[in-house]
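No value in this document is a laboratory result; all are computed from the given coordinates. Since the model is a prediction, treat every value here as computed from it, not as a measurement. Glycine gets a Cβ as well: all are built from the backbone with ideal geometry, and neighbour counts include every protein chain shown.
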Amino acid sequence: MSDEVWKRDEIASPCVKVCVIHPEARLCVGCHRTIEEIGVWSRLTPEARAAIMAELPGRAGQLARRRGGRAGREGRDGRG
């Protein structure tokens, strides 16, 4: 079996296998794509993928850090 079959001339997926959708931003916290972009990724043209890839770094700021545990429930920073 040849590895040539798997060599494609396309932009790789930005997926980092941390697939969690942020509840407010509606973006994947791993790759910063929308659910819609993730769903159609395999059918997009190389140009459409490149356009999305160019936007991803700017989306990171949309993901406010969520505070869990007692600190999140009580609105404290978790100290003392």
Fill in: Extension gain (nm, one decimal) between residue 25 and residue 44, 0.36 nm per residue minus Cα-Cα
4.6 nm
Practice prompt. Starting from the amide H of residue 27, placed 1.01 Å from N in the peptide plane, find each other amide H under 5 Å away whose residue is 5 or more places distant or on another chain.
Written response: 22
Worksheet item: What is the Cα coordinate range of the stretch 15-58 on the first, second and third principal axes, sorted by size from largest, in whole angstrom?
Response: 28, 20, 18
Worksheet item: Which of the peptides 51-61, 32-42 is most tightly packed, and how do the rest follow, judged by the mean count of other Cβ atoms within 10 Å per residue?
Response: 32-42, 51-61
Discussion item. On a full-extension model of 0.36 nm per residue, what is the gain between residue 63 and residue 13, subtracting their alpha-carbon distance, rounded to one decimal in nm?
Written reply: 16.0 nm
